[in-house]
Amino acid sequence: MVEDQQRAKAERIKNEKESRRAREASEKAQREEMARQNKQRAFEEQARMASARGVGSSGAKFDAAAMTAVGGGVTNLSPTSPGFFNPYDFLAGSDSKEPTRKFNPIYRVQPFWSLMNLDRYIRQSPPPKEAMDTPARYEQLAKALSFICHIVQENHKLAPKGREATLGFLRSNQLGCEAGIKLISLLPHSAGASGKTLDGLFLNFINVFVSLVENVQPHQQIVLPGGWQQPDRTHICLYIIRNCGDDRFSFTVCNTGRDGLEYHPCKFDQSSGKQQRQLAMTIWDIPASRIRDSTFWVLLFRMQVYPHKKNNAEFLYTKLLPALNDRPLMSNLELGPSEFHAPPDPIAAATYIDLARLALTSSPVPGARPSKYASLLLLNAALELSYQSIADARPSSLDPEDTRILKLTGRNVANFASTVDPNTVPDGSLGGALSSTWDLLDRLLKKINFASSKPMDQFSHGLPASAMTDSFSKGAVTSLRTDPGSAAYPFFGRLRKDDYDNVVKALMGDPRQDPILIPSVLTDEKLPAVATDYQTASSLLLRVCNACSLLMQQRQLVKNAPAFVASAAQHALTFALPMPDLDKSRCFWRKGEMRRETQVNLLFLIRRMCTIYSAATACVQQSRGLVAIRTTAFACAACIADAISRVTVVDDPSPFSLHYSGDCEGPTQAFGIEAGSFESLAANLPIYDPHYTSLRFQCLDYMRGISVHKNGEDRPTIFNFDLDLKPMKGD
């Protein structure tokens, strides 16, 4: 009987516990439903306020209904939710705290400039060679991820009590990025090991990582270091693993480099016409058993740990990724949402800021906020941190360089905000985000003007807004009349000038004499329009060179002097000197006898004329038509100089001329020059004068004849600097 009573009592206690758990679960569900309804009402209220108020304080109304529409998007699992798995605590230990960083002021660090795309305003140079090795690349990636995580952390700290931070929906992704930073430090190649030691470390890494993947809860994601390592180069990217629930996972490859992008889907932007690619390509519908299998991770991570020539994009994209869900790579484009971005340039991609931002803002799940919109909120948060850094700045305390950085930052954020498509934001919060962006930029600009202004101007006189109605506060001073006694300065008498006229004359000094202007004659009726012999050609070139030099020396006294000089030099090179011919018997420069001093003098004058023409055309307004005529004039000079250099003079032949023309003794042949880019790039330049079109044809025909044999074989050529700056075979 006693045993029956005890059994009944235990059964009663068990039933009470089950009923209490059921009641607690029901109350929890009710609280979650109430919180969801409150959040929905908050979205609706925010949409109505945004629709009525417009974009910030500008008063502009929203035209698109999608900018203030209300919808429910799928969000990430909040770190405060029960059952949330913290991947960083799993890797670093439960006793360790979340890492903190200090970037103060934030707008002075290189990652901030890269995030705000400020590098476009400065001349970029490739990273140094020591920054291209594998450890330096992973260190740079870890710094980029740390900076992005720092923005989310500070945004969470600055959020008002009782309100969710603007980037609160990225807190889960931020902890996933923290885990990615920890995984970078745990990669075996970071320990500098090799051989069996490396194999042991790699095995331990795989065991820890597989345990990490098994603990990822539904609607959570973690970021992994990715890429491949070859003996002579390393490519870095990032992977995202997301538990989609129902024993299904997704695997995302975030790639902003050049290698492997050919496997990412692409399209053309309708507004700019530029090519965009799906930089975050997702493999959907992966069974949990396959993503938790260590075989795949061994093959994936060995590409980063063990350098080999077969570690490349083809092995990753064509063999490993399709094996996850047994589908062709491109078929995943139809299984989930996709977002296309413009790939960054190679120098900007080397900072890995764009890669880290893409990994943080990408949530591969239907209904999530797109990466571009999340990036806008991230830029707003970074801009808010910049504003907090100068919130207490006094007048004239802001450095001019900091002023330029902050103003360019505001300009780039405004430009980025204008490119967000309202139809891609599912929860209708774009209107409120744009209003916040407008108000933030307005506050920042006012603060910049106040902190960078000089003492006592319309920005820094210290008057409240209600008192800023006088002329001084508006920047206009119409009268110098003041109250009696306000201009009583004891040293003001030192500024008096009783004998004003004589003082001014003494300060000005004696008047300068008028400059001497030497007339420059560009025409000569005694000389023919086109040279008829070598003496006439030399005399014509010498007179034009002297006149042009004199005119350029007096360019401050003669208006449009460079234009006159360019016209005269251009006429001398293209009209006055006859064009050479491939036939020696018909060529003006080679059919007659020439002396050594005449040959040297002609070459010297042509070089001098080209120098004058180059300097003169650099001083006038540039245009594509000018470039076309200038290249044709230089081509004429090159052809004429080539023909003169081939002349075998009658008195003292030059060894260079003998070798160049092929008349030297021994088994030799003539050399030539190639047209190079004059034939290819200059083909698209506009030439509107038939005479210059004919000259261009003659130059190309002459250069082709001296660089190619009649049977089609190439002659040895010299001065091929468009191919290589080093001496080549012909040189």
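For region 165-234, the solvent-accessible area with a 1.4 angstrom probe is 37 square angstrom per residue.
Computed from Cα atoms, the angle from the helix 561-571 axis to the main principal axis of the chain rounds to 70 degrees. Think of a 1.4 Å ball rolled over the protein heavy atoms: region 538-655 then has 47 Å² of accessible area per residue.
Only one of (i) 1.14; (ii) 1.04; (iii) 1.27 was calculated from the structure for Rg/Rh (Cα atoms, Kirkwood Rh), and its label is (i). Rounding to the nearest 10 and keeping the result within 0 to 90°, find how far the Cα-based axis of helix 2-53 lies from the longest principal axis of the chain. Around 40 degrees separate the two axes. Largest accessible area first, the residues HIS691, HIS156 order themselves as HIS156, HIS691 under a 1.4 Å probe with ligands, DNA and RNA left out. Accessible surface of region 120-263, 1.4 Å probe: 49 percent of it comes from carbon and sulfur atoms. For region 319-390, the fraction of 1.4 Å probe accessible surface lying on carbon and sulfur atoms is 56 percent.
Across region 229-244, rounded Karplus estimates of 3J(HN,Hα) from the backbone phi angles (6.51 cos²θ - 1.76 cosθ + 1.60, θ = phi - 60°) give 10, 10, x, 10, 7, 9, 10, 10, 8, 10, 10, 10, 9, 10, 8, 8 Hz, Gly and Pro being marked x. Measure off 7 Å from each Cα along the Cα-to-Cβ vector at LEU582 and LEU198, then give the distance between these two points in nanometres to one decimal. According to this spin-label approximation, the distance is 6.0 nm.
In the chain, taking the dipole from charged Cβ atoms about the Cα centre, the farthest positive-side position among GLN513, PHE697, PRO426 is held by PRO426. Seen against the Cα atoms of the chain and their longest principal axis, helix 371-390 is set at about 80 degrees. The simple spin-label model puts a point 7 Å past each Cα toward its Cβ; for ASP701 and ASP442 those points are separated by 7.1 nm.
Placing a label point 7 Å from the Cα of LYS710 along the Cα-to-Cβ direction, the residues of region 663-698 with a backbone N closer than 20 Å are 663-664, 668-673.
With both labels modelled 7 Å from their Cα along Cα-to-Cβ, the ARG23 to LYS161 distance reads 3.3 nm. Using only side-chain charges placed at the Cβ, +1 for Lys and Arg and -1 for Asp and Glu, the dipole size of the chain relative to its Cα centre rounds to 1360 debye.
For ARG596, the solvent-accessible surface computed with a 1.4 Å probe is close to 70 Å², ligands and nucleic acids excluded. The charge dipole of region 94-171, taken about the Cα centre with unit charges on the Cβ atoms of Lys, Arg (+1) and Asp, Glu (-1), comes to about 280 debye, rounded to the nearest 20.
Determine the alpha carbon to alpha carbon distance for each of LYS591/LYS726; LYS182/LYS446; LYS157/LYS407; LYS143/LYS309; LYS102/LYS196 and list only those over 30 Å.
As for pairs spanning more than 30 Å Cα to Cα, those are LYS591/LYS726; LYS182/LYS446; LYS102/LYS196.
Sequentially through region 298-310, phi angles give Karplus couplings (6.51, -1.76, 1.60; θ = phi - 60°) of 5, 5, 6, 7, 5, 5, 8, 8, 10, x, 7, 5, 8 Hz, Gly and Pro residues having no value and appearing as x. Projecting the Cα positions of GLN140, TRP228, LEU550 onto the charge dipole of the chain (unit charges on Cβ atoms of Lys, Arg, Asp and Glu, taken about the Cα centre) puts GLN140 furthest along the positive direction.
The stretch between SER338 and TYR121 holds 75.0 nm of extra length on full extension. This uses 0.36 nm per residue minus the Cα-Cα distance. So what's the net charge close to LYS319: Lys and Arg +1, Asp and Glu -1, counting the other residues with Cβ under 15 Å from its Cβ? Here the count lands on +2. Note on MET330: accessible area is roughly 100 Å² with a 1.4 Å probe, heavy atoms of protein only. Karplus-based coupling profile of region 151-158, in residue order and whole Hz: 5, 5, 4, 5, 5, 5, 6, 7, with θ = phi - 60° in 6.51 cos²θ - 1.76 cosθ + 1.60 and x standing for Gly or Pro.
Assuming charge only on the beta carbon of Lys and Arg (+1) and of Asp and Glu (-1), the dipole of region 319-375 about its Cα centre is about 100 debye to the nearest 20. Dipole of the chain computed with +1 at Lys/Arg Cβ and -1 at Asp/Glu Cβ about the Cα centre; of LEU91, PRO307, ILE640, farthest Cα towards the positive end is LEU91. The base-10 log of I(q)/I(0) for region 585-674, evaluated at q = 0.12, 0.26 Å⁻¹, reads -0.47, -1.32 [Debye formula, identical scatterers on Cα atoms, solvent excluded].
The values are calculated or read from the model by the stated rules, or taken from the named source; none is laboratory data. This one's a predicted model, so the numbers in the text were calculated from it and none came from an experiment. Quick reminder, even Gly has a Cβ in these numbers, built from the backbone with ideal geometry, and neighbours come from all protein chains shown. Side chains are part of the model used for accessible areas, which takes the heavy atoms of the whole protein and leaves out ligands, DNA and RNA. Shrake-Rupley method; radii C 1.70, N 1.55, O 1.52, S 1.80 Å.
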